[in-house]
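> Have a look at the structure that comes next, please.
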Amino acid sequence: MGNKSLYINPANSVPVEDDKFPYGDASNTFQLLSCRLSDLRSGIGKVVSIQAIAAGTDETVANGHGAFVVPAILNGFDLSAVGAATATVGVTGTTTVMLRRVRTEPALGDSTTQFDITDLTGNSFKYTYDATGTDPLIADNLASLKAGDVLNIAAQNFTAGNNGLFTLTAVGANFFTVTNASGVAESDKTIGTGSIVPYKHRDMLSTGVTIGNELYAADGVINTSYDDIENGDVIYVDVDAVHSGTAAKGLFVTLNLK
């Protein structure tokens, strides 16, 4: 096989040809500046190349500088290496680049699962499974839920203000908390015909790529617990630190997948 390349069409958020794949959702929430998928020059695998920050733009600390939606052709691949490059050399300190995988998981519980929703004040609300109906198996661990994960709560029998898309602020045995200015305290509310769908955020690197007085680095350490990818996963490029003197410009990230 040759070194065939596949490209994202920036004008489309869904595939328009066999050699195109989506870079985001219909609202362009996950827009990339550019992205390219090619075969590894040696061995079996693919390389995803992402321009997360334009070449003339200063790097800044932020989550989601770029995001790549995994297409079906990459289902079942694992991240084997990652590199990051800048267009200019930063001065003093380092830039740290992380990869974050967001995966849509099966809904929690079912129509019979019942919650009590408590106002903790300060717009903080606690949703507690009260042991009625199917156990949603909520626990504070990576296999279940963690603070920072996101829930899409769309329960038929909850007050409208208790439904929505929320980032979890805390998780414990049988409960989670969110910040919700529209929340309402209520008890004995089943999910009904709706659902509560988790979007789990997991770091694909246990140690980020660190770019010092250089244009390129590939010293990131793969987190083997979360190196696998599936169709529909979203892989975000996060910048956790930038050079403290003069920020480097541009950010280009390559993912080796096998």
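The values are calculated or read from the model by the stated rules, or taken from the named source; none is laboratory data. As the structure is a computational prediction, the values presented were derived from the model and not from experiment. Positions of Cβ are backbone-derived with ideal geometry, glycine not excepted, and every protein chain shown enters the neighbour counts.
> Just a yes or no: is a residue in segment 192-208 farther than 18 Å from Pro136 by Cβ and not in a strand (DSSP E or B)?
yes
> For Phe166, state whether it is more than 29 Å from Val237 (Cα to Cα) and either in a loop (DSSP other than H, G, I, E, B) or within 21 Å of the chain's Cα centre (by Cα) (or both).
No; evaluated as a whole, the condition is false for this residue.
> Could you grab me the full set of residues in segment 127-163 that are in a strand (DSSP E or B) and within 20 Å of Ser225 (Cβ to Cβ)?
Asp140, Leu145, Ala147, Asp149, Val150
> For Phe176, only one of the following conditions fails: (1) part of a loop (DSSP other than H, G, I, E, B); (2) surrounded by 20 or more Cβ atoms within 10 Å (Cβ to Cβ). What is its number?
Against the list (1) part of a loop (DSSP other than H, G, I, E, B); (2) surrounded by 20 or more Cβ atoms within 10 Å (Cβ to Cβ), Phe176 comes up short only on (1).
> Now a separate question. In the list Ile138, Ile117, which residue meets the criterion of being in contact with a helix residue (DSSP H, G or I) (Cβ under 7 Å, 6 or more places away or on another chain) and of a type in the set (A, V, I, L, M, F, W, C)?
That would be Ile117, the only listed residue that is in contact with a helix residue (DSSP H, G or I) (Cβ under 7 Å, 6 or more places away or on another chain) and of a type in the set (A, V, I, L, M, F, W, C).
> With Gly212, Gly220 as the choices, which residue is at pLDDT 95 or above, touching a His at 6+ places or on another chain (Cβ under 9 Å) and either in the same structural domain as Leu99 (by TED's automatic domain parsing) or of a type in the set (A, V, I, L, M, F, W, C) (or both)?
Just a single option satisfies the conditions, and that option is Gly212.
> Counting only residues that are within 22 Å of Asp219 (Cβ to Cβ), at pLDDT below 95 and either in contact with a Cys (Cβ under 9 Å, 6 or more places away or on another chain) or buried (at least 17 other Cβ atoms within 10 Å of the Cβ) (or both), how many does segment 55-78 have?
Number of matching residues: 4.
> If you don't mind, there's one more thing I want to ask. Anything in segment 82-119 that is outside any loop (DSSP other than H, G, I, E, B), surrounded by 15 or more Cβ atoms within 10 Å (Cβ to Cβ) and of a type in the set (A, V, I, L, M, F, W, C)? List them, or say none.
Hits for segment 82-119 are Val82, Ala84, Ala85, Val97, Met98, Leu99, Val102, Phe115, Ile117.
> Report yes if some residue within segment 207-217 is within 28 Å of Pro106 (Cβ to Cβ), buried (at least 19 other Cβ atoms within 10 Å of the Cβ), in contact with an Asp or Glu (Cβ under 9 Å, 6 or more places away or on another chain) and in contact (Cβ under 8 Å) with a residue 24 or more places away in the chain; otherwise report no.
Checking segment 207-217: not a single residue is within 28 Å of Pro106 (Cβ to Cβ), buried (at least 19 other Cβ atoms within 10 Å of the Cβ), in contact with an Asp or Glu (Cβ under 9 Å, 6 or more places away or on another chain) and in contact (Cβ under 8 Å) with a residue 24 or more places away in the chain.
> From (1) out of contact with any Leu (no Cβ under 8 Å at 6 or more places or on another chain); (2) free of Cβ contacts under 8 Å to residues at least 60 places away in the same chain; (3) assigned to a strand (DSSP E or B), pick out the condition that doesn't hold for Val171.
Unmet condition: (1).
> Could you tell me which of the residues Thr134, Thr128, Thr177 is outside the structural domain of Ala62 (by TED's automatic domain parsing), touching a Leu at 6+ places or on another chain (Cβ under 8 Å), in contact (Cβ under 8 Å) with a residue 12 or more places away in the chain and over 30 Å from Ala52 (Cβ atoms)?
Checking each option against the conditions leaves just Thr177.
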